[in-house]
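Chemist: What follows is a single structure, and I will ask about it in a moment.
The values are calculated or read from the model by the stated rules, or taken from the named source; none is laboratory data. These numbers were taken from a predicted model, which means no experiment stands behind them. Neighbour counts run over all protein chains shown; Cβ positions are idealised from the backbone, glycine included.
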Amino acid sequence: MVFFLAVFAPIYFHNFQLRNYVETLTHTVAIRNASDDLLRTQVVEKAHQLNLPSISADDVHIIHSANDLRIEVRYRVRVDLPGYTVMLHFYPGAGSR
């Protein structure tokens, strides 16, 4: 049990940190007028800082609507365990409402 906790806890914690970053980003008034490319780049750079290198610009989806900015990130993390491989799917996202 300790082994699984040691393997999976950092991945889930980094996903939590990424979700908090995206939420903070969408609530920053100055960033709402930024280009989509700049937003994608910021999210991807933060993901790499959090040791989530599997995230690319294609995984970051930016949705604009009237008075709202939503950023969604969809990515997978491959975890190789002895004799078994697990793909964890994550969908952190946040809106500016």
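Chemist: Taking the condition touching a strand residue (DSSP E or B) at 6+ places or on another chain (Cβ under 8 Å), surrounded by 16 or more Cβ atoms within 10 Å (Cβ to Cβ) and touching a residue at least 12 places away in the same chain (Cβ under 8 Å), does LEU50 pass?
Modeler: For LEU50, the condition - touching a strand residue (DSSP E or B) at 6+ places or on another chain (Cβ under 8 Å), surrounded by 16 or more Cβ atoms within 10 Å (Cβ to Cβ) and touching a residue at least 12 places away in the same chain (Cβ under 8 Å) - is not met.
Chemist: Which residues, taken from the stretch 32-53, are assigned to a loop (DSSP other than H, G, I, E, B) and under 10 Å from the mean Cα position of the chain (by Cα)?
Modeler: Selection gives LEU50, LEU52.
Chemist: Any residue at all in the stretch 61-77 that's within 24 Å of VAL7 (Cα to Cα), touching a residue at least 60 places away in the same chain (Cβ under 8 Å) and either in contact with a Gly (Cβ under 8 Å, 6 or more places away or on another chain) or not hydroxyl-bearing (Ser, Thr, Tyr) (or both)?
Modeler: yes
Chemist: Looking only at the stretch 65-96, which residues are assigned to a strand (DSSP E or B) and closer than 15 Å to LYS46 by Cβ?
Modeler: ILE71, GLU72, VAL73, TYR75, PHE90, GLY93, ALA94
Chemist: Step by step: first the residues of the stretch 62-97, then only those that are small (Gly, Ala, Ser), surrounded by fewer than 11 Cβ atoms within 10 Å (Cβ to Cβ) and at pLDDT below 90, then the one that is farthest from the chain's Cα centre (by Cα). Which residue is that?
Modeler: ALA66
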